[in-house]
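Down below is the structure, laid out as structure tokens.
Here, each number is a calculation from the coordinates, and none is a lab measurement. All values derive from a computational prediction rather than experimental measurement. Reconstructed Cβ throughout: ideal geometry from the backbone, glycine too, with neighbour counts over all protein chains shown.
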Amino acid sequence: MKKILIVDGGPRLNMNTAALCDAFEEGARAASPDIDVARVRLYDLPPFRGCVSCLACKLKGRETGLCAVRDSLADTLRAVNEADGFVLASPIYFSEWTAVARAFLERLVFPWLHYTDFSCTAPKKMPLAWIYTMNAPESMMPGIRQHLSILEGAVARALGDPEPAFVEAHSTVQVKDYSRYAMDGLDPAAHLAWRDAHWDADLAAARAAGRRMAEKALAAKP
Ligand SMILES: Cc1cc2nc3c(=O)[nH]c(=O)nc-3n(C[C@H](O)[C@H](O)[C@H](O)COP(=O)(O)O)c2cc1C
């Protein structure tokens, strides 16, 4: 059995990010009965902080690749290190991950980063996927990517996946009923039309990415 871990860094249940996680999971499970998918919603965990710079992960001879802080995030960090495929999902907030997903990434990646030769290595190699949803249209993605690319690159290098999957939903519908909110600047009609034209394809892309990750995980050496 191979295990894919989806970490959902979005706060909302049943909205855009969660729906793409559902589709990714569906695609992965459909690929093979030998695929198990675990989901963690970071907002469901008791509050945790980002890296506190204790530097315990840099103590000579004690570099375990795992954050030394024992709190509500510890089990999830360990689960990433033991998975066969890793997915991080987040809505885009101010051109980045949510603060909670960012805190999780600090705690995940800093123990992988070696201050000796500045390599970044996770204890285990595995396929990687990112799921993002955002108000911005696709044309704004290059600007947003500038904010994401340093950590995205570090995670890909650490996990040894030169071609991680990117599932991105743009111009998402942010609220179920725009008429109740002061959001006219967003051009709700354009978002609703984009959703009608593209959302099914976004879900299909998430399903396909899930299937591909499952295939990569199954093909990996035990
Ligand atoms: C605090 C906050 C900041 C946001 N910042 C951005 C942003 O910088 N760029 C963007 O495209 N969308 C931004 N959004 C919109 C969300 O990324 C978008 O609506 C997303 O699809 C929400 O995901 P969800 O439906 O899973 O909650 C922001 C939303 C919130 C609440």
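Tabulated results
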read-out: Net charge of Cβ neighbours under 14 Å - reference residue 191; Lys, Arg +1; Asp, Glu -1; value: -4
read-out: Region 160-222 versus region 9-60: alpha-carbon centroid distance in Å; value: 16 Å
read-out: Amide hydrogen neighbours beyond the local backbone of residue 41, cut-off 5 Å, H modeled; value: 8
read-out: Count of lysine pairs in region 2-219 with Cα separation under 19 Å (8 or more residues apart, or interchain); value: 9
read-out: Rounded FRET efficiency, nearest 0.05, which uses the C-beta distance separating residue 60 from residue 102 and R0 of 41 Å; value: 0.90
read-out: Choice from 86, 94, 104 with maximal GNM fluctuation in the chain (Cα, 10 Å cutoff); value: 94
read-out: Among beta bridges that DSSP assigns inside region 2-219, antiparallel share in %, nearest 5; value: 10 percent
read-out: Residues whose placed amide H lies under 5 Å from that of residue 68, excluding near-sequence neighbours; value: 57
read-out: Net length gained if the chain between residue 177 and residue 195 were fully extended (0.36 nm per residue, minus Cα distance); value: 5.1 nm
read-out: Segment residue 166-residue 140, extension gain: residue separation times 0.36 nm, minus the distance between their alpha carbons; value: 7.8 nm
read-out: Long-range HN-HN contacts of residue 165 with modeled amide H, under 5 Å; value: 128, 129, 130
read-out: Potential lengthening between residue 95 and residue 43 on full extension [0.36 nm per residue; Cα-Cα distance subtracted]; value: 16.8 nm
read-out: Computed label-point distance, nm, for sites residue 220 and residue 52 using a 7 Å Cα→Cβ extension; value: 3.1 nm
read-out: HN-Hα J in Hz across region 202-211 - Karplus 6.51, -1.76, 1.60, θ = phi - 60°, x for Gly and Pro; value: 4, 5, 5, 5, 5, 4, 5, 5, x, 5
read-out: Calculated [θ] (222 nm, deg cm²/dmol) that DSSP helices of n ≥ 4 give over the chain, each run adding -39,500 (n - 2.57); value: -13000 deg cm²/dmol
read-out: Extent along principal axes [Cα atoms of the chain; Å; largest to smallest]; value: 58, 39, 32
read-out: Note, ³J(HN,Hα) from phi for region 95-105, Karplus 6.51, -1.76, 1.60, rounded to Hz, x at Gly and Pro; value: 6, 9, 5, 4, 4, 5, 5, 5, 4, 4, 5
read-out: Cβ-placed point charges (K, R +1; D, E -1), dipole of the chain about Cα centre in debye, nearest 20; value: 820 debye
read-out: Region 2-219, relative contact order [Cα under 8 Å, separation at least 6], %; value: 29 percent
read-out: From phi via Karplus (6.51, -1.76, 1.60), per-residue ³J(HN,Hα) for region 40-51 in Hz, x at Gly/Pro; value: 10, 9, 4, 6, 8, 7, x, x, 9, 10, x, 4
